[in-house]
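Here the structure comes first, spelled out in structure tokens, and everything after it is commentary.
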């Protein structure tokens, strides 16, 4: 036996009912859409607090920070006639009787990646990331390269800048522009502009 649960076209007011249903569906879609954008720009971290984009590297000094002494066991690298010191994923340059945390130049190579690096593949090429620096494996070493467009990382280096363009939030770190995206319910950051350093 067939039953008609609701016949929208049989009553004179069915057009009004259809409009109300359509309006409810549109409102629901707008709410869902705005929630996903809001979630991608404001992440409620564990414990209900806001998670800073530099959460993973928050105990590290920002680029440009001055320190009096190098961390223990820093290695010295000569690149292009300039000396850099490397320790635990950070690069330092001599400055005013001390050292400044610096972005490494493209092409500089290190022998071992820092502990806690992130690896990913873009265009079939494996990349490695740590605290704002991107590497590829070349000749038995890890070479600093420009961030590839579309790379997605879970945390930015400290000292980033926040930028709003047409209501959208972006972050700038070492001249690289990132936009927040949702990945498995977590906020990650995608490279949208990658100028050479």
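FYI, it's all coordinate maths here, none of it is from the lab. Computed from a prediction, not measured in an experiment: that's the story for all the values here. Heads up, the Cβs are rebuilt from the backbone with ideal geometry, glycines too, and the neighbour counts pull from every protein chain shown.
Evaluate E = 1/(1 + (r/R0)^6) for residue 183 and residue 117, where r is the Cβ-Cβ distance and R0 equals 22 Å; express this FRET efficiency to the nearest 0.05.
0.80
Suppose the chain between residue 88 and residue 138 were pulled fully straight at 0.36 nm per residue; how much longer would it get relative to their current alpha carbon spacing?
Additional length available on full extension: 16.0 nm.
Once the Cβ-Cβ distance between residue 149 and residue 16 is put in as r, and R0 is 45 Å, what FRET efficiency do you end up with, to the nearest 0.05? Approximately 0.35, to the nearest 0.05. Only Cα pairs under 8 Å and 6+ residues apart enter the sum, and on that basis the relative contact order of the range 46-193 stands at 19 percent.
In this simple spin-label approximation, residue 77 and residue 162 carry label points 7 Å from Cα along the Cα→Cβ vector, and these lie 3.2 nm apart. Shown is the FRET efficiency for residue 193 and residue 55, computed with R0 = 25 Å from the Cβ-Cβ distance and rounded to the nearest 0.05: 0.65.
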